[in-house]
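Report on the structure given below.
The values are calculated or read from the model by the stated rules, or taken from the named source; none is laboratory data. Only a predicted model underlies this, so the values are computations on that prediction, with no experimental measurement involved. FYI the Cβ positions are ideal-geometry reconstructions off the backbone, even for glycines, and counts take in every protein chain you see. SASA here: full protein model, heavy atoms, side chains in, ligands and nucleic acids out. Shrake-Rupley method; radii C 1.70, N 1.55, O 1.52, S 1.80 Å.
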Amino acid sequence: MSTTLSYDRLSEEEKHSQFMERIESGEKIEADDWMPKDYRMTLIKLISMHGISEIMGALPEKEWVPKAPSLRRKLGIMAKVQDEMGHGQLLLRVAEDLMKPMGKTREEIMQDLFRGDLKFHNVFHMPAPTWGDAGLIGWLVDGAAIITQTNMLKASYGPYARALKRICAEEVFHAQHGEAIIMALAEGTEEQRALIQDAIDRWWESLLMFFGPASATTTGTSKQDTTIKYRIRTKTNEELRQAFLDKYIPRVLSLGLTIPDETLHYDKEKQQWVYQQPDWNEFKNIVRNNGPKSKDRLDLRITAYENNAWVREALSPDGAVV
Amino acid sequence: MTNNGREFYQEFEVFSSKSNGEQVQHQFSLLAPNEEIALVMAQENFMRRQPVADIWVVKRSNVRKMTQEEKGSLQRLDNKEYRTTKGYGYLKKKWRHYEQNILDEKEILSWGGDDKK
Amino acid sequence: MKSAQEAQADPKYKTAVTELLYQLADDDFIIAFRGSEWLGLAPHIEEDVAFSSINQDTMGHAAIYYQLLEALGEGDADALAHDREAGQRKNAILLEEVNGPGHYLKKPLYDWAFAVVRHYFYAQAKKVRIESLKNSSYQPLADAAVKINMELYYHLLHWKTWFTQLVTAKGEAPERMKNAIDKVCEDMEGVLTLGPKGANMAALGLIEEEKLLTQRWHNEMEKVFEPLPISLPPVQAKRGNGREGVHTEDLNSALATLGEVYKQDPVASW
Ligand SMILES: [Fe+2]
Ligand SMILES: [Fe+2]
């Protein structure tokens with residue numbers, strides 16, 4: 001039995017060990033439950049970054065929403081990018097509830113983002129200059145996201161697990177949406193095929209970086225041990241990257257496309273992919289908002305947020321009476 | 001005084017039922033400045049791919065939740081067979097002796113059917 | 001007329017129904033585009049998601065009309081959407097207007113008040129029109145109207161909620177809304193008109209008379225304005241009539257964006 005009537009009278013250590021017992025037996029933690037500070041902070045960091053990355057991730061694709069080359073594709077990509085905003089909504093709600101005891105709201109999340117304190121995913125700092133990139137994002141960036149998100153479907157934190165369940169159900173559509181664009185290009189003209197090959201060449205390093213460094217020694221920081229300890233995720237960064245390579249390399253090659261890494265091969269003995277390491281210093285640089293598109297995308301978000309401030313003020317229940 | 005629009009972010013819990021006659025279920029929560037806006041946000045945020053027959057939005061502050069300590073009050077001993085059919089299973093054998101069947105759940109709930117015969 | 005074949009056999013009828021369909025299609029297509037430029041830029045995330053659904057619905061309606069045109073022998077629906085010059089477009093000028101200063105990818109100083117008023121007034125005009133089209137003499141259009149009507153309830157509810165709340169809100173909102181209402185009314189007549197061929201359309205039973213539809217729109221608006229502290233200014237068509245192919249530079253730039261990829265190879269399959 002994990003809770004007793006005299007719960008409030010337990011010492012911090014007793015609460016902590018009960019907490020660990022709960023998550024180790026597969027119980028879910030809810031927003032108002034007691035949780036170690038370290039657990040709360042780990043979740044806030046992980047989920048607010050995940051949430052804000054969905055929002056920032058809508059921006060590279062947003063460019064292609066009006067430009068999509070047919071009515072069908074226009075509708076498909078609108079629905080896809082809408083979902084990404086929706087994922088941001090779900091995840092930010094989860095993060096906001098965790099931050100509530102600290103007096104923080106969505107306003108602070110946005111301000112943290114604008115100040116550069118809240119980071120977003122490396123892939124969303126990159127340019128998406130052609131329709132090929134729109135397809136590639138749906139296919140491989142979402143593919144990578146599906147690998148990391150399904151890895152957390154059984155997360156010990158109930159609200160996160162429930163949000164991920166909704167998200168992953170929609171990711172199935174995203175995967176097929178991306179594949180549909182790619183398939184049309186792959187079976188199309190020389191120019192169309194070149195659009196995807198160029199996009200793969202452009203995105204390959206970012207895709208490898210997507211899963212984060214294999215260990216803290218690579219970049220100095222890695223939260224993976226803590227998240228595994230707290231049963232938020234099960235696989236390490238490297239295991240996730242390998243799973244991605246397992247699933248997607250054969251699909252890329254089957255379309256007659258190539259991967260821009262001559263050293264890439266499968267080591268049968270070790271049962272893993274051997275690949276050229278991306279530049280992890282560049283990774284650190286990118287996530288510190290020094291990527292090629294970091295400033296533009298932040299600007300876009302800041303402009304929109306500030307430009308609509310009057311709407312939020314006008315409808316605030318005890319809002320501005322000027 | 002302005003509050004920088006901070007109060008715009010009121011929390012609402014969203015409930016919905018799938019079809020007419022179905023019970024409502026909790027879906028998720030959203031932020032909106034008032035119930036009217038919350039209501040027009042609800043379907044598209046959480047149920048845009050599924051049928052919905054009704055939506056309720058409830059201000060989070062109007063939901064009285066249990067504390068972790070209070071959740072302890074939900075536990076019961078597993079000794080209440082007398083409250084369930086499990087405690088009366090022996091009747092089946094008894095009735096068989098009188099060449100009658102037991103009135104179990106399946107049998108009794110079948111009586112509600114439209115037997116106008 | 002039961003079918004496209006029947007309509008095609010009657011040149012006068014075909015001209016009128018095609019004209020009407022272009023107006024309906026081009027209106028929805030361009031306003032859905034303007035709406036989609038807002039994606040990620042709405043006042044809050046929840047609204048971003050809700051607004052996008054409305055844009056998807058509206059783009060879907062445009063696709064239905066373009067398909068009806070395709071059936072009438074006007075050419076491929078995607079070509080009709082992506083590959084017609086501004087001068088061939090029949091949408092109202094109000095609907096092509098940019099969302100505000102800036103660009104959807106750079107410094108978009110978009111005006112939420114204008115978005116709410118334009119979309120609300122348009123949704124109401126569309127509702128009036130769709131109600132009439134349910135009885136259109138062109139059966140495929142009447143069938144389409146019944147389907148499209150289902151989604152308009154939500155569009156109207158959504159925009160009406162934002163509209164009435166912002167008009168009566170505190171701070172600078174009422175002033176901004178008033179300015180937006182004035183701006184929208186300057187070109188709203190262009191939305192309400194059926195253009196020079198409108199009388200023909202009515203005579204052939206495709207849709208009711210423009211005067212009647214306009215009156216219905218005013219009646220609906222009066223009901224909404226009645227409890228509000230503001231009134232509806234007269235509607236005009238200050239910048240001309242889009243139904244006659246008169247457009248602004250805003251449409252050219254919109255079409256360049258909308259067709260950018262399509263025009264790279266119009267015969268390719270995308
Ligand atoms: Fe996502
Ligand atoms: Fe996705």
Checklist outcome for this item: Flagged in the stretch B:20-43 as assigned to a loop (DSSP other than H, G, I, E, B) and over 22 Å from A:Lys165 (Cα atoms), in numbering order, are B:Asn20, B:Gly21, B:Glu22, B:Pro33, B:Asn34
Item to check | So C:Leu141, is it at pLDDT below 95 and not hydroxyl-bearing (Ser, Thr, Tyr) | outcome: no
Checklist entry - Can you pull out the residues in the stretch A:41-63 that are free of Cβ contacts under 8 Å to residues at least 60 places away in the same chain and either open to solvent by 40 Å² or more (accessible area, probe 1.4 Å) or more than 16 Å from ligand 2 (Cβ to nearest atom) (or both)? => result A:Met41, A:Ile44
Checklist entry - Of these, A:Ala243, A:Ala214, A:Ala314, which one is within 14 Å of another protein chain (Cβ to nearest Cβ) and surrounded by 15 or more Cβ atoms within 10 Å (Cβ to Cβ)? => result A:Ala314
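Would you check which residues across the stretch B:8-27 are surrounded by 19 or more Cβ atoms within 10 Å (Cβ to Cβ) and either of a type outside the set (Phe, Trp, Tyr) or more than 14 Å from chain A (Cβ to nearest Cβ) (or both) and list them? I'd like the intermediate steps shown before the answer.
Step one: filter the stretch B:8-27 for residues surrounded by 19 or more Cβ atoms within 10 Å (Cβ to Cβ), giving B:8, B:10-12, B:14, B:16, B:27.
Scanning the stretch B:8-27 gives B:Gln10, B:Glu11, B:Val14, B:Ser16, B:Gln27.
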Next on the checklist: Quick check on the stretch B:28-56: of everything there that is open to solvent by less than 30 Å² (accessible area, probe 1.4 Å) and more than 7 Å from every other protein chain (Cβ to nearest Cβ), which residue is nearest to C:Thr168 (Cα to Cα)?
Outcome noted: B:Ala38
Checklist entry - touching a helix residue (DSSP H, G or I) at 6+ places or on another chain (Cβ under 8 Å), open to solvent by less than 10 Å² (accessible area, probe 1.4 Å) and within 13 Å of chain A (Cβ to nearest Cβ) - does that describe any residue in the stretch C:144-157? => result no
Checklist entry - When A:Val123 is evaluated against the numbered criteria (1) surrounded by fewer than 24 Cβ atoms within 10 Å (Cβ to Cβ); (2) more than 30 Å from C:Leu258 (Cα to Cα), which criterion, by number, is the only one it fails? => result (2)
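Tell me, which residue of the stretch A:69-89 that is among the aliphatic types (A, V, I, L, M) and buried (at least 24 other Cβ atoms within 10 Å of the Cβ) is nearest to ligand 2 (Cβ to nearest atom)?
Let us first name the residues in the stretch A:69-89 that are among the aliphatic types (A, V, I, L, M), namely A:71, A:75, A:77-79, A:81, A:85.
Those still in the list that are buried (at least 24 other Cβ atoms within 10 Å of the Cβ) too: A:77-78, A:81, A:85.
Numbers: A:Ile77: 12, A:Met78: 14, A:Val81: 9, A:Met85: 11 Å.
Filtering first and then ranking leaves A:Val81.
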Next on the checklist: Could you check the stretch C:1-27 and list, in sequence order, the residues that are under 22 Å from the mean Cα position of the chain (by Cα), surrounded by fewer than 24 Cβ atoms within 10 Å (Cβ to Cβ) and in contact (Cβ under 8 Å) with a residue 60 or more places away in the chain?
Outcome noted: C:Thr15, C:Glu19, C:Tyr22
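May I ask you to verify whether B:Lys65 is loosely packed, with under 12 Cβ neighbours inside 10 Å, closer than 30 Å to A:Asp97 by Cβ and at pLDDT below 95?
Details: loosely packed, with under 12 Cβ neighbours inside 10 Å: yes; closer than 30 Å to A:Asp97 by Cβ: yes; at pLDDT below 95: yes.
Judged against the criteria, B:Lys65 is a match.
Across the stretch A:48-105, which residue is nearest to the chain's Cα centre (by Cα) among those that are acidic (Asp, Glu) and within 15 Å of ligand 1 (Cβ to nearest atom)?
Restricting to residues being acidic (Asp, Glu) and within 15 Å of ligand 1 (Cβ to nearest atom), the top hit is A:Glu54.
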